[in-house]
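Reading through the structure tokens given below for one structure.
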Amino acid sequence: MLTSHLLPEAAFSALAEGAGRPATIRLVRDAQLSKHLMLLHAIADAASTGDASAAGPAAFRAGYALLAELQATGAGGADWLLGLPHLGSWAHDCLIRLEQGSAADFAHFACLVAAAAVRGGVPFELDVPVRDGRVQLPGLGFARITDESSWVRLCCDGDRVTAGRHLDADRRDLVPDDGSGGPVPQWSGTPVIRAVAGGLAWQVLLETQDSYLDRYTLPMATSLSAEEIRRWRQCALAAWEVLVRTHRWAAEPLPDLVSVIVPLTPHCDTDLVSVTTPAAFGAIATSWPPDPVTMAETLVHESQHVKLGGLLDMVPLVTSGAEQVYAPWRPDPRPAGGLLQGVYAHLGIARFWNAQRRTETDPDDTLRAQVHFARWRSMIEPAAQTLLRTNCLTEAGVRFVDLLRAQGRRLEAEPLPGQAREIAAQVALDHRLTWQVRHLAIDQAGVASLAAAYRRGDPAGALARPGTWIEADTRKVQASVRSRLLTMRYLAPARYRELCADRTLTLSEADRLLVSGRAQAAVRAYCDEITGTGDPGPDAWIGLALALHQLPSPPLHPAFATDLALLVEVHGYLGGRTNPLDLASWFG
Amino acid sequence: MTSQEQAIKTLIPDLRDIPVDRLAELGSSALAHSIARYRERLKENGIPLSSFQARI
């Protein structure tokens with residue numbers, strides 16, 4: 001009788017609240033072991049139906065038999081293998097290829113099982129594929145093969161491992177490289193980081209060679225120098241200390257959530273990109289984080305995705321959710337269903353900065369932490385409301401989001417200095433308005449009708465608003481120097497001060513007034529810019545909204561907050577000379 | 001039993017104690033159903049191939 005993995009309600013609640021003790025996380029992790037067995041069974045079916053004599057399927061079957069032996073020994077080698085993100089990633093590729101009707105890489109499985117057998121000292125003989133002059137032992141490293149062979153017989157007698165005439169080594173030497181051992185001929189161990197702090201240990205591989213883990217939005221950094229690996233190691237060790245010291249809730253489950261970091265090659269040095277895939281539970285990918293606190297935040301952020309990815313395999317939380325919506329952390333429209341991952345990650349991020357802001361001593365670092373906290377905690381409720389409004393959640397999904405919202409409200413109740421709240425609100429408004437102007441398409445007949453009503457002096461209140469829909473990049477908004485400056489105000493306060501004093505920056509006069517805090521003058525300058533230019537860019541409108549937001553009173557006119565794209569369109573239709581504030585007042 | 005003591009039956013069959021060479025004996029059962037459901041989800045979510053496989 002086949003049973004299913006069970007998830008206690010208490011564990012479900014703990015996960016929804018963004019936490020999860022190690023015992024809870026292990027429930028998710030255990031289910032991943034079964035998932036991998038399930039995928040292997042599906043691949044085994046496919047490997048048995050093709051040409052029985054083909055080398056790839058034959059290698060798979062031999063590996064499968066060895067996995068059965070590993071399971072029988074009960075020494076834990078099978079669980080180690082089934083928990084490897086490398087295995088999940090390869091298995092997903094196989095399934096996708098089989099689904100597409102193209103050839104799957106069955107043979108690689110022999111390498112995966114061989115790695116587990118070498119690690120456990122289980123005797124075996126397997127024919128394994130050689131790729132780019134290497135035999136991969138995922139999770140351990142690779143052996144160099146010095147001729148043109150495409151296959152090699154890998155043998156282990158329990159102590160020594162040989163690969164034809166290319167490798168003859170003690171199997172205890174074929175391990176990941178923690179930087180402390182000497183070289184092993186023909187062997188290259190995967191860099192491993194062993195971090196210990198405050199009684200908690202975390203071991204993580206820095207994976208730069210496994211092709212199946214090169215599956216993120218940016219390419220894997222495959223040619224890290226020894227010096228770069230040393231820097232990654234130092235940064236991870238320092239990040240672990242940050243987590244253990246201040247964010248123990250995140251540190252305790254991390255060893256069960258993140259066992260592999262894939263360094264990414266960013267498009268430019270200032271980009272920080274981190275990403276996770278449900279195909280590789282236990283792996284996260286990130287470009288070089290500039291400091292240990294940022295790396296600690298990245299680990300919290302991505303481990304939230306790993307956690308939720310595992311839970312989604314177990315319990316469906318989202319049913320559909322194709323409707324395109326605003327995600328406060330993305331520049332582009334996103335499907336509503338995908339919002340759950342984002343809001344869950346940002347619950348973790350907000351919690352991280354809430355604790356971090358209390359430990360920083362440098363005023364600039366404190367401001368950065370406070371603004372991050374203010375910004376991300378305020379995104380949780382609106383994003384949760386979007387999820388509920390779009391009916392994309394299952395019953396369990398609604399319960400999950402309700403619990404998550406309660407955590408968001410708890411964070412919202414935390415007191416924060418006014419300056420941090422004000423900067424966060426401004427940056428969030430800039431982001432939301434920029435998104436709205438960029439992606440909100442409006443029915444032009446409705447725009448014409450409103451413009452005609454304005455000309456006649458009819459009250460706007462009784463008129464129907466034109467239909468709107470999300471259309472990516474319907475209007476061009478320049479990547480604004482102003483937006484970057486506003487963000488720098490808390491991300492890099494010292495640099496912000498330098499740049500504000502620099503008169504050579506390509507800012508309009510209105511932008512300059514805005515960033516220097518002269519809101520009233522900025523409002524006048526933006527109005528002049530909008531009415532004085534034949535075709536003012538939407539940037540000036542967003543700037544005007546930001547300047548109005550800065551004024552102590554009256555508060556930002558509602559039309560600027562909710563109907564900015566419509567204001568832009570109607571204003572353009574009227575010929576561009578109408579006073580923007582008069583038009584906004586008319587909208588009411 | 002309080003609601004917090006109850007457990008959710010998940011979509012993943014518990015295979016941890018079944019040797020891989022015995023999985024086939026489960027035949028066209030709940031396991032096959034779980035696999036089909038997972039493959040369906042994989043298609044819906046559109047998880048891309050690794051860059052390595054995508055180049056092949």
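The values are calculated or read from the model by the stated rules, or taken from the named source; none is laboratory data. Keep in mind the model is a prediction, meaning the values are calculated, not measured. For neighbour counting, all protein chains shown are included, and Cβ atoms are generated from backbone atoms with ideal geometry for every residue, glycine included.
Some notes on this structure:
- Unique match (being buried (at least 18 other Cβ atoms within 10 Å of the Cβ) and of a type outside the set (Ser, Thr, Tyr)) among A:Leu491, A:Leu507: A:Leu507
- Residue match in segment A:1-20 (condition: facing chain B (nearest Cβ under 10 Å), without any contact (Cβ under 8 Å) to a residue 60 or more places away in the chain, crowded, with 21+ Cβ neighbours inside 10 Å and under 25 Å from the mean Cα position of the chain (by Cα)): yes
- Residue list for segment A:246-271, restricted to those being modelled with pLDDT of 95 or more, among the β-branched types (Val, Ile, Thr) and either farther than 23 Å from A:Pro176 by Cα or not in a loop (DSSP other than H, G, I, E, B) (or both): A:Thr246, A:Val260, A:Ile261, A:Val262
- Neighbours by Cβ (under 7 Å, 6+ apart or cross-chain): first from segment A:423-446, over 15 Å from A:Ser483 (Cβ atoms); second small (Gly, Ala, Ser) and outside any helix (DSSP H, G or I): A:His439/A:Ala472; A:Asp443/A:Gly467; A:Gly446/A:Gly467
- Qualifying residue in segment A:375-398 (condition: in contact with a Ser or Thr (Cβ under 6 Å, 6 or more places away or on another chain) and buried (at least 19 other Cβ atoms within 10 Å of the Cβ)): yes
- Filtered by the rule that a residue be in contact with a Ser or Thr (Cβ under 8 Å, 6 or more places away or on another chain) and either closer than 23 Å to A:His86 by Cβ or among the charged types (D, E, K, R) (or both), segment A:1-60 gives A:His5, A:Glu9, A:Ala31, A:Met38, A:Pro57.
- Annotation: A:Ala285 fulfils all but one of (1) in a strand (DSSP E or B); (2) at pLDDT below 95; the unmet one is (2).
- Looking across segment A:351-386, the residues that are among the aliphatic types (A, V, I, L, M) and touching a Gly at 6+ places or on another chain (Cβ under 8 Å) come down to A:Ile380, A:Ala383, A:Ala384.
Rundown of residues vs (1) surrounded by fewer than 17 Cβ atoms within 10 Å (Cβ to Cβ); (2) under 30 Å from the mean Cα position of the chain (by Cα); (3) modelled with pLDDT of 95 or more, yes/no style:
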| position | (1), (2), (3) |
| --- | --- |
| A:Ala103 | yes, no, no |
| A:Ala110 | no, no, yes |
| A:Ala116 | no, yes, yes |
| A:Glu125 | yes, no, yes |
| A:Gln136 | no, yes, yes |
| A:Leu140 | no, yes, yes |
| A:Glu148 | yes, no, no |
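Yes or no, residue by residue, for (1) hydrophobic (A, V, I, L, M, F, W, C); (2) within 10 Å of chain B (Cβ to nearest Cβ); (3) surrounded by fewer than 16 Cβ atoms within 10 Å (Cβ to Cβ); (4) touching a residue at least 60 places away in the same chain (Cβ under 8 Å):
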| site | (1), (2), (3), (4) |
| --- | --- |
| A:Leu27 | yes, yes, no, no |
| A:Ala31 | yes, yes, no, yes |
| A:Asp45 | no, yes, yes, no |
| A:Thr49 | no, no, yes, no |
| A:Leu81 | yes, no, no, no |
| A:Pro85 | no, no, no, yes |
| A:Ser89 | no, yes, no, yes |
| A:Asp93 | no, yes, no, yes |
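- All helices (runs of 4 or more DSSP H) inside segment A:375-492 with 3 or more residues being outside the structural domain of A:Ala545 (by TED's automatic domain parsing): A:395-412, A:418-439
- Every listed requirement among (1) of a type in the set (A, V, I, L, M); (2) under 23 Å from B:Asp14 (Cβ atoms); (3) more than 8 Å from every other protein chain (Cβ to nearest Cβ) is met by A:Ala55 save one, (2).
- Here is the figure for segment A:301-324: residues that are buried (at least 20 other Cβ atoms within 10 Å of the Cβ) and in contact with a Lys or Arg (Cβ under 8 Å, 6 or more places away or on another chain) total 2.
- Condition met for A:Ser274 (buried (at least 21 other Cβ atoms within 10 Å of the Cβ), within 23 Å of A:Trp202 (Cα to Cα) and modelled with pLDDT under 95): yes
- Residues in segment A:310-336 that are of a type outside the set (Phe, Trp, Tyr), in a loop (DSSP other than H, G, I, E, B) and either touching a Gly at 6+ places or on another chain (Cβ under 6 Å) or away from every other protein chain (no Cβ under 11 Å) (or both): 9 in all.
- Filtering segment A:493-531 to residues that are under 18 Å from A:Asp364 (Cα atoms), of a type in the set (A, V, I, L, M) and in contact (Cβ under 8 Å) with a residue 12 or more places away in the chain leaves A:Ala494, A:Leu499, A:Val515.
Yes or no, residue by residue, for (1) modelled with pLDDT under 85; (2) part of a helix (DSSP H, G or I); (3) not acidic (Asp, Glu):
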position	(1), (2), (3)
B:Gln4	yes, yes, yes
B:Ile8	no, no, yes
B:Ile12	no, no, yes
B:Asp21	no, yes, no
B:Glu25	yes, yes, no
B:Ser28	yes, no, yes
B:Leu31	yes, yes, yes
B:Leu49	yes, no, yes
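- Checking each residue in segment A:298-309 for being out of contact with any strand residue (DSSP E or B) (no Cβ under 9 Å at 6 or more places or on another chain) and either in a strand (DSSP E or B) or not polar (S, T, N, Q) (or both) picks out A:Val300, A:Lys307, A:Leu308, A:Gly309.
- Qualifying residue in segment A:183-195 (condition: of a type in the set (A, V, I, L, M) and at pLDDT below 95): yes
- Residue match in segment A:499-517 (condition: modelled with pLDDT under 85 and not in a loop (DSSP other than H, G, I, E, B)): yes
- Qualifying residue in segment A:374-392 (condition: of a type in the set (Lys, Arg), out of contact with any Phe, Trp or Tyr (no Cβ under 7 Å at 6 or more places or on another chain) and closer than 22 Å to A:Ala251 by Cβ): yes
- Enumeration of residues in segment A:68-79 that are touching a residue at least 40 places away in the same chain (Cβ under 8 Å) and buried (at least 24 other Cβ atoms within 10 Å of the Cβ): A:Leu70
- Checked against (1) assigned to a loop (DSSP other than H, G, I, E, B); (2) away from chain B (no Cβ under 14 Å), A:Gln209 meets all criteria but (2).
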